[in-house]
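Data first, discussion second: the structure below is written as structure tokens.
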Amino acid sequence: MPFSRIEPGPNNQFMPIEAQLILDSYQHFLGKSCIQLTSSMNIAQMLYEAPFAVVAHDTRADPIFAYANRMAQNAFEMTWAEITSIPSRQSAEPVLQEERQSLLQRVQQFGFIDDYSGIRISKTGQRFGSAMQRYGI
């Protein structure tokens, strides 16, 4: 199922189908939940407003971000429309592209990786460190 690329929000219940796909993928590959339902928010809203970055990209040869929660949008200094229209490779510095490609090959082979960390770049060229996990969908 392709992601709709519509920004999650109250008018679309925070895109529950897409959020559930991300959460199910996490559960499948890691054997644990990404978030726990602990408030009156629905699970899709909790994912979108989580206090950690969540990004997912499609499965094209040159993957494009298909989902970025608010924390990820803030970190990358991009709006939903901006981040979901760029290849995910543009979030890594050019000198790190080869390393990033190697990581993506491991994701393709195993479905996920759980040892990712690195420097990402934002829209304004700001560098920020991350210790994110990348998961296949």
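The values are calculated or read from the model by the stated rules, or taken from the named source; none is laboratory data. If you're wondering where the values come from, they're calculated on a predicted model, not measured in any experiment. Positions of Cβ are generated from backbone atoms using ideal geometry, with glycine treated the same way; all protein chains shown enter the neighbour counts.
Looking only at residues that are in contact with a Phe, Trp or Tyr (Cβ under 7 Å, 6 or more places away or on another chain) and among the polar types (S, T, N, Q) in the stretch 76-107, which one is modelled with the highest pLDDT?
84
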Out of 4, 25, 33, 40, report the one residue that is closer than 21 Å to residue 81 by Cα and either touching an Asp or Glu at 6+ places or on another chain (Cβ under 7 Å) or not acidic (Asp, Glu) (or both). 4
Kindly indicate whether residue 137 is within 20 Å of residue 7 (Cβ to Cβ), surrounded by 17 or more Cβ atoms within 10 Å (Cβ to Cβ) and at pLDDT 70 or above. no
Just to be sure before I move on: is residue 58 within 11 Å of the chain's Cα centre (by Cα) and acidic (Asp, Glu) in the structure I sent? yes
